[in-house]
Amino acid sequence: MCSERLRKIYFLVFVCLIAGIVYAQERSLDMVSQEGDQKQSMVLSELKVEVKILGAIAETQMMMTFYNPHERQLAGDLYFPLPEGAFVSGYALDINGVMVDGVVVEREKARVVFEDLTRRRIDPGLVEWTKGNNFKARVFPMPPKGSRKVMVRYITELIHNDQGTFYHLPLKYKEKVKDFSLRIELVKSVVKPQEKKSGFGTISFKEWQKQYIAELHQEDIQLNEDLMIELPEVETQNVTVQKNKAGDYYFLITDYPKKTAESIAGKRMVPRRIGLYWDASGSRGKSDHERELNILHDYCTGLREAKVVVELVVFRNEAEKGKEYVIANGNCEALIKELLGVAYDGGTQIGSLRSIKTAPDFYLLFTDGLSNFGKEETKEFNAPVYAISGDATANHVLLHYMANKSGGRYFNLSKLTDKKVVEHIGQARFDFQSAVVRTGQIGEAYPTHSGPAGDRLLITGMLMTDDAEVSIKYSAGGKTVLEKKYKIKTSDASSGDLLMTYWAQSKINELMIFSRKNNEKLVETGKKYGLVTPGTSLMVLDNLNQYVQYEIMPPETLSEMRKQYIKMMEMRQSDRKKYEQSKIDRVLKLWERRISWWETEYPKIEKKKAMETKPVAVMERQRPSDTARKQVPARPERRISQPGIGGIVTDSEGAPLPGATITLNKESFSRAVITDVDGFYFFGNLEPGTYNLRAEMEAFQANTIENINYSQGQRLDFPIVMEITVGEVIKVTGEYAAVDTAKSVVTEHIAGKPAESVPVGRDNVGYLRLAPRERKSTTADRREDNTAISIEPWKPDMPYSNAIKKSLSGKEYEAYLEQKKQYGNIPAFFLDCADIFFANKRTELGLRILSNIAELELENAHFLRILGHRLEQVGMLELSSMAFEEVLKLRPEEPQSWRDLALVLAELKQYERAIELLNHVIMTKWDRFDEIELIALMDMNAIIPLARKAGISEFKVVPQLLQLLDLDIRIVLTWDADMTDIDLWVIEPTEEKAFYSNKLTSIGGLVSRDFTQGYGPEEYLIKKAMKGRYKIQVNYYGSNTQTLLGPVTLQVNIFTNYSRPNEQKKSITMRLDNKKDVLTVGEIEL
């Protein structure tokens, strides 16, 4: 009898686990690293899968071994979409041959730590959530010709449709896997599954301790099919209970109201008008639309007795004007033909959808719901929305919300058959109404809100008493039409955490409907139950010193390390208070130095005399001198007594610094220690070689000693002196403005007397009325507008550009689409092609092409920065601000994110927020980009006069930092790549070159600090420029990034008469392909 109820194992190919990076929605089991314009794949050499099934849910754990076949150490990215409602619940990475569990960390902190360690060539691991239900594992390093193991664990619901209930294991991989093993465990199953044969071998279940287990092992196997196992016996398990390690009980009720729903459901509506929204964004071009078109065809064919008008609205970055099609006698060939010819191109702006003026009976929405350009939120629709998606990466939460709010329904094609979808379009909803406790007590049952019931309903919660009775109510047309009762008992419980984790996932799914509003709860829930959410990530670190440095508690499995961590953190917290210093004091000194330069009158020097005064030869950059400090004698009581490298770390006054992190590295080797109470550190058991030594501590400047040559048996003593830098608690005395961040007050000193303290917190906001400092008037203030800025046009000699330009008039877009097939994974392709259409005044198509950059990879700040800058340059400021808002969410630890957004908001005349963002750059402690505060001060002081003209007179800034420095010339260079060094060069009329080794020229040209670790900005300033020609160049000095990037995209903004009424500005975006490239940007003629 039982065997008759079991059907064959099905092997189907339709969902894959890991997505590639060409389009975030494309799917293949792969770990990749980006190399230029191509992705470099790692080899999956071993895959071990363990599955545990309890009732209607399953936990899957995948242990993957990836091999790096390349000659270079790389950072690997593993993208994987999970089924609707699932979250990563476990992650581990091999550290020195041992699998170390990840710990849950706030998402932004985890990413910052990962990238900091990656820059230092230390091996962290990270799993983070991206848009939709997509997850990304980041592994570093992938050693050359070496392997790393990665474990990922997640919980999903079993698939349930007309054909039965199935466990689905996505296994599609293009290459053979050397070693594959599979273990499936059915927990408390009452029926033994039959033995089945498959392309992977024979799967046979055996009974073991009241459970059924199947195991399979294959070598050199082609995993080109997905595994589907039908499990009809689970449909008899309506109630499952589990007790976790803490002694708490969690339950799952699985109800199947299908027959009742079918008997209650009324006839389908026969519509007269239908609104059809079709997502034609670039990423959807990679999807298979066959099922979507079949559903649409089958539904229209069923309308044989009616004449229906379908208004088709194709949308991408914008929604196009609707086209009407008449469906008569079920004939929809013209509509299907139109959809088959749609060009998939551009970003996705869900917020561009609007209700059709002539209200339809309902809308059909075909999309993955991944909005990546412009606005995401839509206004209310004037009819029910039936959303349909078969994409594994779909934003299920958003699509559910849009459909349910409008009175429609969301059809996830991975869970439903085409027939079932067609039946429910336009049908009156049969809804889950509520779960009512009749006896006993339960806690936090989910779902908490009503919605379409479907063929199966899962309710999970906490059991607070020994037993309870729960009644499930269903409604149709607003009336209760069905009630079913279930008893829950602790005596039926098995042991484990599977149900607890599923319950936490259900809670998070509801919180994600309004993720920004519920961010704190999302973070709290993710951290408590070990889940990756929009607010949390899973992180693996290498050793105790890293956990201490970044203040991350080691995992429970490293219990001894946890105890050591707690002790060291207590010491670190007490030591930190000794070294807190004021940042404002330092910024004021920098600003006073800038003002002093601005007030200095530089002599007019002829070309010949300037050449004699300053050499123009390019000085070779000496990197070690930028960071290494003078060595001071070591304290005799702690001399190195054994072979190795060591010393004492002190502050500038000679006091020892306990708790500093000292890192020693060379090539693939890296080791870190924490200084003891005497400030002493030591590295022993070293191999001969050339090492770099780096000292770091909060509130102190990082200090690096490079090129240490160590020979076997040597005792090398390297004392390190650390200079105080930025502190978090601000104390200012004397004539400066005092800012106490703990109390959130600003105190202004006027004529040596403190003014009244004014609170500046959000809850009790107060402001200071500030006046600018008096400044000397110079002839530079009155320079006539007789300057000319000439920019070298950016003309990339690329095959795709030439092909488009040579195409027949009116066929340029078709030529672009053809070239996209080959070059559509390169950001530069879309930049260059968009420029062609913008130049020909075809702005709408230019914007569509440019918006593709947002489609290339989910939540990629690198790409979004490029997009934001280009949108700003073509005058699309609102869209630019949206792109930079997203960058700020993704990269708040980088000051450039705040500055980029501030400058665009200032152009939108949103002066108050622009000034607030720039002030954040000025007043915040940054781990990198020292002296970026000066550039932000120049920007802020230029915006404040505009804000005053707009009627704003109150600003939350330190008064002594307010002074407008107007200039004859200001040139600002930024670029898009981290850990990449681009230099700004300006050849002045005297032929003297202003650059990193000649920061102040004879005529007063000033070059800002050289940012060697990426992004910029770098600027050239001159207050009173001599007549003549100023040649602007950029130099690609080098890159240390672990991700192999393609060309570096850079932006140059050129100002004349900066911050004066006759200010001129010109901007250009261009690329540098190779290290040591020197590119002429343009010239300024005075």
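Key figures
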quantity	calculated
Inverse mean reciprocal Cα-Cα distance (Kirkwood Rh) of region 269-424, Å	15.4
Cα-projected label distance for residue 320 with residue 176, points at 7 Å along beta-carbon direction, nm	4.7
Packing-based exposure ordering (other Cβ within 10 Å, fewest first) of 864, 808, 558	808, 558, 864
Over region 267-360 - Rg/Rh using Cα atoms and the Kirkwood inverse-distance radius	0.97
Potential extension, residue 925-residue 553 segment - 0.36 nm per residue separation minus Cα distance	131.6 nm
Derived scalar couplings ³J(HN,Hα) [region 700-708; Karplus, 6.51 cos²θ - 1.76 cosθ + 1.60; whole Hz; x for Gly, Pro]	10, 6, 4, 10, 10, 10, 9, 6, 7
Sorted by Cβ density within 10 Å, fewest first, the residues 800, 363, 256	256, 800, 363
Estimated inter-spin distance, residue 99 and residue 417, nm [label 7 Å along Cα→Cβ]	3.8
Sorted by Cβ neighbour density within 10 Å, fewest at the top, the residues 151, 269, 979	269, 979, 151
Furthest towards positive pole of dipole, 691, 642, 702, structure part region 630-722, Cβ charges	642
Two-site label geometry, residue 602 and residue 949: point separation in nm, points 7 Å out along Cα→Cβ	2.8
Two-site FRET efficiency, residue 357 against residue 878, from Cβ-Cβ distance with R₀ of 25 Å, rounded to 0.05	0.55
Peptides 345-357, 475-487 ordered by average Cβ neighbours within 10 Å, highest first	345-357, 475-487
Highest to lowest packing among 1057-1064, 537-544, scored as the average C-beta count within 10 Å	537-544, 1057-1064
Linear extension gain, residue 444 paired with residue 305, 0.36 nm per residue minus alpha-carbon span	45.2 nm
Sites residue 709 and residue 844, calculated FRET efficiency, Cβ-Cβ separation with R0 60 Å, nearest 0.05	0.45
Tail beyond 19 Å, pair distance distribution of region 630-722 (Cα, percent)	33
Gain upon complete extension [residue 811, residue 1083; 0.36 nm per residue less C-alpha separation]	94.3 nm
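Quick note: the coordinates plus some simple rules give every number you see, no bench work behind them. Since we're looking at a predicted model, the values are computed, not measured. All Cβ positions, glycine included, derive from the backbone under ideal geometry; neighbour counts span all protein chains shown.
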